[in-house]
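Asks: Got a structure here, written out as structure tokens. Questions coming.
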Amino acid sequence: MTSNRSLQKSILYNDLVAILGAENVSRDEVECQAYVGDVSFLGMVIPRHNFEVERPDFIVWPETTEQVSEVLKVANIHKTPVTPYCGGAGVQGAAVPLFGGIVMDVKKMDKVLEIDETNLKVTCQTGLIGQTLEWILNEKGYTYAHIPQSTYCSGIGGFLAGHSAGVLSTKYGKIASMVLGMEVVLPTGRVIRTRAVPQSAAGPNLNHLFIGSEGTLGVITEATLVIHPMPEVRHFRSFLFPNLHSAFEAVRKIMRRGLLPGTLRVSDEEESKEFYKQDGSFMTISYDGFEELVDLQLRETMKIAEAEGGSDLGPEPGERWWKRRFSSVYPKDSGNPLEMGRHTLNVGNVIDSAGSFTYLEAAHREIRQALLRIPGQSFMAHFSHWYKTGGMMYPYCVNTGAASEEEMIDRYFRMHRAAVEVIHRLGGTMTHHHGVGLTLRGFMQEEFGESFETLRSIKHTLDPNNIMNPGKLGFDWR
Amino acid sequence: MELQKVERLARLCETCPKMCRHVCTTHNVTRSEADTPNERCSIAYRALLRGYFLPEEAPYMYQKCATCGLCLAWCETEIDAGEVMLAARVDLVNAGMAPVEAAAIQKNIQSEGNPHGEPASDRYAAIANEIRVLPDTAEVLYYAGCDTLYRQPEIAQAALKVFRAAGVDHTMIKAGEPCCGEPLRLMGYIEDFKASARKVMDGVSQTGAKTVVCTCPSCLRMMKDVYASYGVQAPGGVEFLHMSEYLLRLMNSGQLKFTRSLDLKMTYHDPCDLGRRLEIYEPPRQVLALLPGVKYQDMFFNRRDARCCGAGGGLAATNLALVIEASKTVVGMARNVNAEVLVTACPTCKTSFNRQTYKLDDLKTMDLIELVALAL
Ligand SMILES: Cc1cc2nc3c(=O)[nH]c(=O)nc-3n(C[C@H](O)[C@H](O)[C@H](O)COP(=O)(O)OP(=O)(O)OC[C@H]3O[C@@H](n4cnc5c(N)ncnc54)[C@H](O)[C@@H]3O)c2cc1C
Ligand code: SF4
């Protein structure tokens, strides 16, 4: 006898096929299994350790905004969860379809709609993988300058919904600074657009409601992004500072002076020793653009570095780092940082907080102390993504030696709890670009304080049936 | 399980955040997370841990990998996910779980000597007159292969015309070429593959040739690289060349004279087996540069980064719809450089691109050897 639930599922399947065609709807078990997780620790642990989570019922691949809208309307009728899925390379579990339902893979929405060379902007659908868009632009002599380490595996939808930051963000900004306008399908299926203009004072900027929304407030279907002519040169320089404090002082002065480095990466003493075999604090900086301006900025940088006690290591270490900047994430025989929790009971994550210069120094010291109290914990950090007012700390936190799966997961959350307590006490934010996902959802109330109620009421208004990626961003569980 | 031999590849790949997904031939068509090198390796790895495949996993091993080597080209760990697929296919054959298309290829090669199931007697139908006058032994053996003879016989006709024009002492395996066996290897029938390999090498020996020239990169790769790894050795002192390499010799030594200017804009597609696998990138381009009246521009993705025509890995038999979609990428790139001729050097690629270009007035697909013959 067919149960009610499986009858409902069959009806939903046929509703989806009517919208998308059978070739764009899958209920194949092997295919659905491929969407159970993402690249986060939890996303990897779930499929590997047989934790009981619901496998998605259907994967759908819309190609147009209208199809997205129709699918969301149907999902509301069926009160079925919908989780947007782009590259699935988020590291906080934002794309994990915790309650099953429909996974909406946006990657067939991969059209570049316009490259406007006069006004330096590209309009595209959001399913493009980052590198694919970059190549299309490179072919015409442009770049959109958003190059996160996940540019090969993540896509525009994920970058926008995850508020991502590329390696060149100090100069070009995070994805939010690159977006002029967007098209979004709201949870009820209504389609809205924001104006793709350089700036506007006509009320609040709605782009910012959806950037960082992690699929909870709708599906971003199109975006207009700023592009840049390919830089003529990119020059690197590295320095070794006596300690982290003097490196911070140099960064602070570089930013104050109005210089605009593309990349600026400072390693703490642990990372300097581990990666660069140096005692002190290692810094790599690069400038890109036309030669005279790049050279001028480098000269100023060298003066500042010298005044802070930095010794000049020349261009080579930075050039080498640039060439190998993707290497660390490929699997290794010696163990892959991303295999955490998969073949072992090891736990790892980056707790990418951000704050003022004053915050960063204190946070580095205190988060380190707090974490090292946990058994089996190690800690190593670098700092990148800088602003005139501060920057981001990227501690790679690994925990080994848990005796069971439960203990492994407990340690994972204990590690984050310990860090977030310090981050909030010192006035920072708990994530600069990796987002909230499943990892940090429990801390959202604390992060937002009173204003979380505002965010929650926006969610209730836009998504009355709580179909969009339920349980994420600290919103209601299902 | 055969998969045990590639356990390391599958285990490591399973932990990757899909750093090559953006170049994967099949993923770029279906955009499914299941159709990524990483997920295919994960499926294989789960089967290995379990000790057997589930029936629903078999299609992912057979229908979703073009063994094009693009993952390998992008993988800093140097993992060829295609190798994992080939091992998985051996296990599926051994478990009696190979799809009907695979079994049909095995049967066709057994009974007719080609994967397409065309009559063995038709193998040389398009070059019957030429074959009759070829000697039994010669310095140079031209090995055409099944895809050329049954699907793109103009390639064989052009090759023979060029050999004649250059005055090369050449022949073919007159009794009928055996299939090189690659379709059997791709489908997981390793013993049959080895038997094919031995037959090919016997045929080569009998012609006494010192040079074997192939127009099909896959046949060449089998003879030059792959047979030996399965324990089948080539007769001593024989060199194996792709037609582009041999043409370059003929052109550089002045043995080929051209009378006709082609006056065409061209671009060249690197076939996966010729490019990424055998690393023969420049000879075809050098041949084009020596032809009169060729205006040439590379496509955006070329050489090691060249996209796949879609028909690798036996997909033309197991998933033709996917091949048709995949082939559009290269045709689109050829259009972007305003080429009038999309040149390739592989009969399988030609068949793939022809499905798109036969209906176009301003873009045609041709094999390198056809252009050379045209300029004579
Ligand atoms: C190796 C590696 C390196 C990384 N490096 C960086 C880095 O340098 N900088 C950085 O910022 N991040 C980095 N990340 C994290 C990750 O790439 C980002 O979080 C990225 O934004 C995720 O994009 P994705 O396409 O993989 O999204 P997914 O994981 O598929 O989705 C992320 C979230 O966005 C939602 N979503 C996806 N598409 C849409 C859409 N069209 N509309 C609405 N919601 C949508 C999903 O529901 C989910 O909540 C890295 C990750 C890895 C694995
Ligand atoms: S082949 Fe290499 S790059 Fe591709 S998914 Fe596997 S490990 Fe990653």
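The values are calculated or read from the model by the stated rules, or taken from the named source; none is laboratory data. Remember, it's a predicted structure, so these values are computed and weren't measured experimentally. As a convention, Cβ positions derive from the backbone with ideal geometry for all residues, glycine included, and neighbour counts pool all protein chains shown. In case anyone asks, the SASA skips ligands and DNA or RNA and just uses the protein heavy atoms, side chains included. Shrake-Rupley method; radii C 1.70, N 1.55, O 1.52, S 1.80 Å.
Asks: If you line up the long axis of helix A:4-20 against the longest principal axis of chain A, both from Cα atoms, how many degrees apart are they, to the nearest 10?
Replies: Around 70 degrees separate the two axes.
Asks: Give, as a single signed number, the net charge of other residues whose beta carbon lies under 11 Å from the beta carbon of residue A:80, with Lys and Arg counted +1 and Asp and Glu -1. Walk me through the numbers on the way to the answer.
Replies: Values: positive: A:9, A:79, A:478; negative: A:15, A:57.
Result for the neighbourhood of residue A:80: +1.
Asks: Using the structure shown, select from A:108/B:64; A:9/A:111; A:171/A:332 the pairs with a Cα to Cα distance greater than 23 angstrom.
Replies: A:9/A:111; A:171/A:332
Asks: What are the ³J(HN,Hα) values, in whole Hz, obtained from phi via the Karplus relation 6.51 cos²θ - 1.76 cosθ + 1.60 with θ = phi - 60°, for each residue of segment B:246-251 in sequence order, with x given for Gly and Pro?
Replies: Ordered by residue, 3J(HN,Hα) equals 5, 4, 4, 4, 4, 5 Hz.
Asks: With a/c under 1.5 counting as rounded, go ahead and sort the protein assembly as shown into rounded, prolate or oblate using the C-alpha gyration tensor (a ≥ b ≥ c being the square roots of the eigenvalues; past the cut-off, prolate if a/b is larger than b/c, else oblate).
Replies: Working: a/c = 1.94, a/b = 1.61, b/c = 1.20.
Cα axes put the protein assembly as shown in the prolate bin.
Asks: Which three semi-axes in whole Å describe the equivalent ellipsoid of segment A:129-275, each the square root of 5 times a Cα gyration tensor eigenvalue, listed largest first? Write down the numbers at each step before the final one.
Replies: Details: eigenvalues 213, 62, 52 Å².
Over the Cα atoms of segment A:129-275, the semi-axes work out to 33, 18, 16 Å.
Asks: Give the calculated FRET efficiency between residue B:128 and residue B:104 to the nearest 0.05, with a Förster radius of 25 Å applied to their Cβ-Cβ distance. Present the calculation step by step, with values, prior to reporting the outcome.
Replies: Working: r = 27 Å, r/R0 = 1.09.
The computed FRET efficiency comes out at 0.40.
Asks: Just to check I understand the Karplus step: with θ = phi - 60° and J = 6.51 cos²θ - 1.76 cosθ + 1.60, what whole-Hz values come out for segment B:110-119, glycine and proline as x?
Replies: 4, 8, 10, x, 8, x, 7, x, 6, x
Asks: Could you derive backbone 3J(HN,Hα) for segment A:73-82 from the dihedral phi with the Karplus parameters 6.51, -1.76 and 1.60 (θ = phi - 60°), listing whole Hz in sequence and x where the residue is Gly or Pro?
Replies: Rounded to whole hertz, the list is 5, 5, 4, 5, 4, 8, 6, 9, x, 10.
Asks: So what's segment B:113-249 giving for Rg/Rh, alpha carbon basis, Kirkwood Rh from the mean inverse pair distance?
Replies: With Rh from the inverse mean 1/r over Cα pairs, Rg/Rh is 0.93.
Asks: Between residue B:337 and residue A:322, what is the label-to-label distance in nm when each label sits 7 Å out along the Cα-to-Cβ direction?
Replies: Those two pseudo-labels are separated by 2.7 nm.
Asks: Between residue B:300 and residue A:64, what is the FRET efficiency for a Förster distance of 30 Å, r being their Cβ-Cβ separation, to the nearest 0.05?
Replies: The pair residue B:300/residue A:64 has a calculated efficiency of 0.70.
Asks: Now, a different point. Indicate, rounded to the nearest 5 percent, the antiparallel portion of the DSSP beta bridges found entirely in segment A:4-106.
Replies: 20
Asks: Along the Cα-to-Cβ line of residue A:343, 7 Å from the Cα, sits a label point; which residues in segment B:76-116 have backbone N less than 16 Å from it?
Replies: B:77-81, B:84
Asks: Evaluate E = 1/(1 + (r/R0)^6) for residue A:303 and residue A:387, where r is the Cβ-Cβ distance and R0 equals 22 Å; express this FRET efficiency to the nearest 0.05.
Replies: Efficiency computed from Cβ-Cβ geometry: 0.55.
Asks: Could you pull out every residue, at least 5 positions away or on a different chain, whose amide H is within less than 5 Å of the one on residue B:33? Hs are placed 1.01 Å off N in the peptide plane, and Pro or chain starts have none.
Replies: none
Asks: Between Rg and the Kirkwood Rh of segment A:4-106, both from Cα atoms, what is the Rg to Rh ratio?
Replies: Looking at segment A:4-106, the ratio lands at 0.96.
Asks: Determine the gain in length on full extension of the stretch residue B:229-residue B:210; use 0.36 nm per residue of separation and subtract their C-alpha separation, reporting nm with one decimal.
Replies: Result for the pair: 4.7 nm of gain on full extension.
Asks: To the nearest 10 degrees, how steeply does helix A:244-256 sit against the main Cα axis of chain A, on a 0 to 90 scale?
Replies: 80
Asks: Which whole-number percent of Cα pairs in chain A have a distance greater than 29 Å?
Replies: The answer is 51 percent, as a whole percent.
Asks: Another question, then. Please give me the summed charge of the neighbours of residue A:287: other residues whose Cβ is under 12 Å from its Cβ, Lys and Arg +1, Asp and Glu -1.
Replies: Computed value for this residue: -2.
Asks: With a 1.4 Å probe on protein heavy atoms only, work out how much accessible surface A and B bury together, total over both chains, in Å² to the nearest 100.
Replies: It comes to approximately 3200 Å² buried between A and B.
Asks: Can you give the charge dipole size of chain A about its Cα centre, rounded to the nearest 20 debye, using +1 on the beta carbon of Lys and Arg and -1 on the beta carbon of Asp and Glu?
Replies: Details: 47 positive and 56 negative charges, 113 e Å.
It works out to roughly 540 debye.
Asks: So which chymotrypsin sites (Phe, Trp or Tyr not before Pro) in segment A:289-366 are both in a DSSP loop and have at most 13 other Cβ atoms within 10 Å of their Cβ? Don't jump to the answer; show the numbers that get you there.
Replies: Numbers: sites: A:290, A:321, A:322, A:326, A:357, A:359; in loops: A:290, A:326.
Taking segment A:289-366 and a limit of 13 other Cβ atoms within 10 Å, the loop chymotrypsin sites (Phe, Trp or Tyr not before Pro) found are A:290.
Asks: Take the Cα coordinates of segment B:2-98, assign each an equal point scatterer, and use the Debye formula without solvent to give log10 I(q)/I(0) at q = 0.21 Å⁻¹.
Replies: -0.97
Asks: For segment B:270-376, just the Cα set please: Rg and Dmax, both in angstrom.
Replies: Radius of gyration, then largest Cα-Cα span, for segment B:270-376: 13.3, 41 Å.
Asks: Show A:163, B:170 ordered by accessible area, largest first, where the area counts protein heavy atoms only and the probe is 1.4 Å. Intermediate results must be reported in sequence, preceding the final value.
Replies: Values: A:163 55, B:170 20 Å².
Output order, biggest surface exposure first: A:163, B:170.
Asks: Moving on. Quick check: net charge around residue A:236, other residues with Cβ under 11 Å of its Cβ, Lys/Arg +1 and Asp/Glu -1?
Replies: So the surrounding residues net to +2.
Asks: How many nm is it between the label spots at residue B:360 and residue A:206, if each spot is 7 Å from the Cα in line with the beta carbon?
Replies: 4.1
Asks: In segment B:1-88, which chymotrypsin sites (Phe, Trp or Tyr not before Pro) are in a loop and have at most 14 other Cβ atoms within 10 Å, using DSSP for the loop call?
Replies: B:52
Asks: What is the gain in length, in nm to one decimal, between residue A:477 and residue A:457 on full extension, counting 0.36 nm per residue of separation less the C-alpha to C-alpha distance?
Replies: On the way: separation 20, 0.36 × 20 = 7.20 nm, distance 1.49 nm.
Roughly 5.7 nm would be gained on extension.
Asks: Something else about it: Just the number please: accessible area per residue for the protein assembly as shown, 1.4 Å probe, all protein chains included, in Å². Numbers along the way, then the final one.
Replies: On the way: 32490 Å² over 854 residues.
Result: 38 Å² per residue.
Asks: Given a 1.4 Å probe and every protein chain left where it sits, what share in percent of the accessible area of chain A is carbon and sulfur? If you can, show how the numbers build up before the last one.
Replies: Numbers: 9810 of 19050 Å².
Ligands and nucleic acids excluded, carbon and sulfur give 52 percent.
Asks: Separation of segment B:83-141 and segment A:218-258 by C-alpha centroid, Å?
Replies: If you average the Cα positions of each part, the centres end up 58 Å apart.
Asks: Hey, another quick one. So how exposed is residue A:274, as accessible area in Å² (1.4 Å probe, rounded to 10)?
Replies: 110
Asks: In what sequence, highest mean first, do B:6-18, A:195-207 appear when ranked by Cβ atoms within 10 angstrom? Each step should come with its number before you reach the end.
Replies: Numbers: B:6-18: 23.1, A:195-207: 11.2.
Ranked from most to least packed, the peptides come out as B:6-18, A:195-207.
Asks: Going by the alpha-carbon gyration tensor, a ≥ b ≥ c the square roots of its eigenvalues, is segment A:233-323 rounded (a/c under 1.5) or, if a/c is not under 1.5, prolate (a/b greater than b/c) versus oblate?
Replies: oblate
Asks: Turning to a different aspect of this structure: Using a 10 Å cut-off around each Cβ of peptide A:28-39, what is the average number of partner chain Cβ atoms that fall inside?
Replies: 5
Asks: Between residue B:296 and residues 5 or more places away or on another chain, which pairs have amide H atoms under 5 Å apart, with H built 1.01 Å from N, and which residues are they?
Replies: B:266
Asks: Pairing the Cα long axis of helix A:291-307 with the longest principal axis of chain A, what angle in degrees results, from 0 to 90 and rounded to the nearest 10?
Replies: 60
Asks: Right, something else. Could you list the chymotrypsin sites (Phe, Trp or Tyr not before Pro) in segment A:395-478 that lie in coil according to DSSP, counting only those with at most 11 other Cβ atoms within 10 Å of their Cβ? Mind dumping the intermediate values first?
Replies: On the way: sites: A:396, A:412, A:413, A:443, A:448, A:452, A:475, A:477; in loops: A:475, A:477.
Here the sparse-neighbourhood loop sites are A:477.
Asks: Given 0.36 nm per residue, what is the gain on full extension from residue A:111 to residue A:18 after removing their alpha carbon distance, in nm? Mind dumping the intermediate values first?
Replies: Values: separation 93, 0.36 × 93 = 33.48 nm, distance 2.28 nm.
That pair, residue A:111 and residue A:18, stretches by 31.2 nm at full extension.
Asks: No solvent, one uniform scatterer per C-alpha: report log10 I(q)/I(0) for chain B via the Debye equation at q = 0.14 1/Å, two decimals.
Replies: Relative scattering, expressed as log10 I(q)/I(0), comes to -1.20.
Asks: Treat each spin label as a single point 7 Å out from the Cα along the C-beta direction, and report the residue A:404 to residue A:450 distance in nm.
Replies: For residue A:404 paired with residue A:450, the spin-label model returns 4.4 nm.
Asks: Which positions within segment A:285-334 get 30 Å² or more of their accessible surface covered by the other protein chains, compared to the chain by itself, with a 1.4 angstrom probe?
Replies: A:329, A:330, A:331, A:333
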